[in-house]
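Encoded as structure tokens, the structure appears first; notes follow it.
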Amino acid sequence: MAPRHLSSLAVLLAATVLSGCAASHEGALNSQADTPSPTCLVHQAKEPAPRYRAGTSADTLSILELMHYYTANGTKAFCDGKPPTSTDRHWMDLYTGLGGDRGHVRP
């Protein structure tokens, strides 16, 4: 391969790798894994990623983590004393949409 083609290939490869690092509005549930029995909830920073939704992108362990977290902790107050954000509501709606009891999340 000519040096010019190699440098073009290197730029294309770098762009592809860096595009995977772009900020995403979807992410993982903050289930407070470091605190086995949290006394309050933290606000979720990102919208639920596709792996938490039913369908071809679903990940069973991620969904079970979500269901467990809200079943055990969903009615607790937020640590900062503020109400749920719209992002928190999306997680709670996902929980109930997957079959979770509405009584296990904050009204």
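The values are calculated or read from the model by the stated rules, or taken from the named source; none is laboratory data. Because the structure is predicted, anything quoted here is derived from the model rather than measured. In case anyone asks, the SASA skips ligands and DNA or RNA and just uses the protein heavy atoms, side chains included. Shrake-Rupley method; radii C 1.70, N 1.55, O 1.52, S 1.80 Å.
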Report summary line: So residue 87 and residue 40, fully extended at 0.36 nm per residue minus their Cα-Cα distance, gain in nm 15.2 nm
Report task. With a 1.4 Å probe and every protein chain left in place, tell me how much accessible area residue 75 has, in Å² to the nearest 10. Result -> 80 Å²
Query raised in the report: Under a 1.4 angstrom probe, counting protein chains only, how are 105, 42 ranked by accessible area, largest first?
Result: 42, 105
Report task. Could you give me the radius of gyration and the Dmax of region 23-107, taking only the C-alpha atoms into account and expressing both in angstrom? Result -> 12.0, 37
